[in-house]
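The values are calculated or read from the model by the stated rules, or taken from the named source; none is laboratory data. Quantities reported herein were computed from a predicted structural model and do not represent experimental measurements. Virtual Cβ from ideal backbone geometry, glycine too; neighbours counted across all protein chains shown.
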Amino acid sequence: MAAASARRRPAPLVLLSTVFLILWLLAAAFPFLWTAWGSFKVELDFFSITDWTNALTGEATENTYGRPFTGAGYFGAWIQEDFWRAALNTGLVCFFVVCTSLTIGTLGGYALSRSSHNYVFWLLITALIFRAMPPITLVSGYLPPFFQWNLWGHLPTAIIVLVAINQPFTLWMLHSFFQKIPKDLDESARVDGCTQFEAFRFVIIPVMWPGVITTGLFSFLLAYNDFAVTAMLLNENNRTMVPKIAAFLGTTYTEGNVMFAVAASVSAVIPLFLLVMVFQRQIVSGLTAGAVKG
Amino acid sequence: MKHRTFFWFFLPTGLAMLIFIAAPIVSVVMQSFFVPHEAVLVETENCGPFGCTKSVTIDQEATEQLRANNPLGRFAGLDIYLDRGHLAVSEVAEAWRETDSLGAFFSDIGDLPFYRALAFTLTYTFVVTPLLIALGFAIALAVNSLTQRLKGVVIFFSLLPMIVTPLVGSLILFWMIDSRGVLGTLIQYLADDPGLSLKASTSLMWGALITYGVWHSAPFAFVVFYAGLQTVPQDTLESARIDGASRWQQVWYVIVPHLMPLVTFVALIQLMDNFRVFEPIVGFNAAAHATSLSWIIFNDLGGETRQLSAAATTSVLTILGVAILLSPVLVRTWRDFKGKA
């Protein structure tokens, strides 16, 4: 009991820390709630010059549509402006990027974790340098050959490029996960007469899923959130969600289009919201994997 | 593992990186030394009963021929690096000669596109990084003293700013801070200046971008520090307490030293990531007040005229900047590796 009372924090400190946390939570969550609420209004309410409470009550929306809420922004973005196509493209890109980069990344990461030759270190260092490179600096290297061979603008091109940009990070992450799997496991399989690949297939694959899922989450986020590469490498029909949202802003600044962008942004945040809800534990462990170790 | 087996296991990922990262880097460096061919012009003289006129036309065939013979373009050496759009050597020298104070010199330099972008990129990198570390540490300390049930909820909401797409996140903030948005109205009200607007004020725009940067990256620092707090040795804390250390002293002399390696880790990662700042400038529509190196590249590549050489040159300069920021990480990794071996 004595120890517990010694650890109990004085009231002012508790108050301070609670107020601080509430402020931070407001800063972290309030913008999303506000924008989600405002996405069901017309622009005059979302950006209300006369009175900011209009954004809450939706006065102009009521004048236009007879109700304080309207789905006009969503209808305009998804149906009129074909945002559904961008969503579909994002789905395709993310699915194939995650699958491909995990497949080749597991093989490579496994090899790196099980080999003790000198070149392993240099390969990891090279991957680290590649990881630090801003992807946009590579784009001017992609464009001439892609134009020449008519590869520019297609989804598979963007997928392969994103897979490659993803690899350095994937390799580092999987390398450290595989190092935690005891070497004895596959070595005993080798003693029993398996080839290295059979040992990988029958002994390692069944136990590697936690690490692979965590790595997959980050590959997904990289592909989903990318703007620079997809905006530069995809043509108008094949655009993914993020460049599409940017396009809503860039076209002439009419009333409807800003609200299209607002509705589309809210739509793009929802999958991420669900992702964090389901995989919170994996995301946290993935973020700390590299840090706590080294 | 045998070399042969290693080779086959590593081949797919190695090929992907070789073709789509290593080769483009080589290509970018090459492009930065070449400019596109100018069209071959031919002068023809048309003589008629009313005198002769000269006209200049493009010789399509010869231009095509020239482009086919030298697809890289005309060799320009370091010309693109030194031109006005990049290092602007002659402009800098002129500004140095003609201005009489350092302030005037720097304001002259600040009008050159490359230095303007570099100034913002560096300011952003070195202001955002310490701030996000401090904020992340404070959140981690506060969350660590919560009850188990509250922790999950708080961590969930804290992750959102980091997970959300950078462009979307910056748009969401921009729509609120914009002069017509709710926070913009609040700022005007607090400053008692109805004309105050993000679009019109450079300092407000820089402040908003930096706020976005801290908001976006603080969760990463928070999560890392929070995990580190779980491993603080309780014995040391206990003995500090017995020796009469105040709460503040416990944090400063026990917890902070324990977390120091993590602080270095977060700082190095964030320095590299903040250096590539790009999406918020698009999201905040900030190009009139703040540009970054990545933004210049994007701007050169986009639009009707794709200025590949200019973009490639800025890319090479950006890569050099990253390399300087990366060197401490490399030294650290090298030391770890030597330590292990």
**Message:** Looking at (1) surrounded by fewer than 16 Cβ atoms within 10 Å (Cβ to Cβ); (2) in contact with a Pro (Cβ under 9 Å, 6 or more places away or on another chain), which one does residue B:89 not meet, given that it meets all the others?
**Reply:** (2)
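This table checks each residue for (1) touching a Phe, Trp or Tyr at 6+ places or on another chain (Cβ under 7 Å); (2) away from chain A (no Cβ under 14 Å); (3) surrounded by fewer than 17 Cβ atoms within 10 Å (Cβ to Cβ).
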| residue | (1), (2), (3) |
| --- | --- |
| B:13 | no, no, no |
| B:28 | no, no, no |
| B:40 | no, yes, yes |
| B:71 | no, no, yes |
**Request:** Among the residues of segment A:263-290, write down those that are crowded, with 20+ Cβ neighbours inside 10 Å, more than 7 Å from chain B (Cβ to nearest Cβ) and modelled with pLDDT of 90 or more.
**Result:** A:263, A:264, A:266, A:267
**Tally, over segment B:141-150, of residues that are within 11 Å of chain A (Cβ to nearest Cβ) and in a helix (DSSP H, G or I)** = 5
**Message:** Please determine whether any residue of segment B:172-186 is crowded, with 19+ Cβ neighbours inside 10 Å, out of contact with any helix residue (DSSP H, G or I) (no Cβ under 6 Å at 6 or more places or on another chain) and modelled with pLDDT of 90 or more.
**Reply:** yes
**Request:** Mind listing just one residue for me: the one in segment B:241-257 that is within 12 Å of chain A (Cβ to nearest Cβ) and at negative phi and, of those, farthest from the chain's Cα centre (by Cα)?
**Result:** B:242
**Asked** How do the helices (runs of 4 or more DSSP H) wholly within segment B:1-86 filter down when requiring 1 or more residues that are under 30 Å from residue B:314 (Cα atoms) and touching a helix residue (DSSP H, G or I) at 6+ places or on another chain (Cβ under 7 Å): which remain?
**Response** B:3-17, B:23-31, B:79-82
**Item:** From A:101, A:113, residue being of a type in the set (S, T, N, Q), crowded, with 23+ Cβ neighbours inside 10 Å and part of a helix (DSSP H, G or I)
**Value:** A:101
**Prompt:** For segment B:184-198, which residues satisfy the criterion of being part of a helix (DSSP H, G or I), within 21 Å of residue B:171 (Cβ to Cβ) and of a type outside the set (S, T, N, Q)?
**Reply:** B:184, B:186, B:187
**Item:** Enumeration of residues in segment B:235-262 that are closer than 15 Å to residue B:329 by Cα and surrounded by 19 or more Cβ atoms within 10 Å (Cβ to Cβ)
**Value:** B:262
**Prompt:** What tally of residues in segment B:273-291 results from selecting those that are surrounded by 21 or more Cβ atoms within 10 Å (Cβ to Cβ) and at the interface with chain A (Cβ under 10 Å from one of its Cβ atoms)?
**Reply:** 7
**Request:** Among the numbered conditions (1) under 18 Å from residue B:25 (Cα atoms); (2) surrounded by fewer than 24 Cβ atoms within 10 Å (Cβ to Cβ); (3) more than 7 Å from every other protein chain (Cβ to nearest Cβ), tell me where residue B:313 comes up short.
**Result:** (2)
**Request:** State yes or no: is residue A:219 closer than 29 Å to residue B:160 by Cα and modelled with pLDDT under 90?
**Result:** no
**Item:** Options A:227, A:248, A:197; residue that is surrounded by fewer than 18 Cβ atoms within 10 Å (Cβ to Cβ), within 13 Å of another protein chain (Cβ to nearest Cβ) and of a type in the set (Phe, Trp, Tyr)
**Value:** A:197
**Item:** For residue B:215: the one exception among (1) surrounded by 15 or more Cβ atoms within 10 Å (Cβ to Cβ); (2) free of Cβ contacts under 8 Å to residues at least 60 places away in the same chain; (3) more than 20 Å from the chain's Cα centre (by Cα)
**Value:** (3)
**Item:** Residue under evaluation residue B:231, criteria (1) within 30 Å of residue A:276 (Cα to Cα); (2) outside any loop (DSSP other than H, G, I, E, B); (3) polar (S, T, N, Q), criterion not met
**Value:** (2)
**Request:** Show the residue pairs that are 6+ apart or on different chains and have beta-carbon atoms under 6 Å apart, the first residue being within segment A:113-124 and in the same structural domain as residue A:184 (by TED's automatic domain parsing), the second being among the hydrophobic types (A, V, I, L, M, F, W, C).
**Result:** A:113/A:178; A:114/B:1; A:115/B:1; A:115/B:6; A:120/A:112; A:121/B:337
**Message:** Given the criteria part of a helix (DSSP H, G or I), closer than 14 Å to residue A:24 by Cα and among the hydrophobic types (A, V, I, L, M, F, W, C), does residue B:128 qualify?
**Reply:** no
**Request:** Determine if segment B:193-203 includes at least one residue that is within 28 Å of residue B:282 (Cβ to Cβ), more than 12 Å from every other protein chain (Cβ to nearest Cβ) and surrounded by 20 or more Cβ atoms within 10 Å (Cβ to Cβ).
**Result:** yes
**Request:** For segment A:32-55, indicate whether the set of residues that are among the acidic types (Asp, Glu), more than 8 Å from chain B (Cβ to nearest Cβ), at negative phi and surrounded by 22 or more Cβ atoms within 10 Å (Cβ to Cβ) is non-empty.
**Result:** yes
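Residue-by-condition table, conditions (1) surrounded by 18 or more Cβ atoms within 10 Å (Cβ to Cβ); (2) over 22 Å from residue A:225 (Cβ atoms); (3) of a type in the set (A, V, I, L, M, F, W, C); (4) modelled with pLDDT of 90 or more:
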position	(1), (2), (3), (4)
A:123	yes, yes, yes, yes
A:127	yes, no, yes, yes
A:132	yes, no, yes, no
A:136	yes, no, yes, yes
A:142	yes, no, no, yes
A:148	no, yes, no, no
A:151	no, yes, yes, yes
A:156	no, no, no, yes
A:159	yes, no, yes, yes
**Request:** State all residues of segment A:130-155 that are touching a residue at least 24 places away in the same chain (Cβ under 8 Å), assigned to a helix (DSSP H, G or I) and more than 7 Å from chain B (Cβ to nearest Cβ); if no residue qualifies, say none.
**Result:** A:131, A:146, A:155
**Item:** Flag for residue A:206 being touching a helix residue (DSSP H, G or I) at 6+ places or on another chain (Cβ under 8 Å) and assigned by TED's automatic domain parsing to the domain that holds residue A:137
**Value:** no
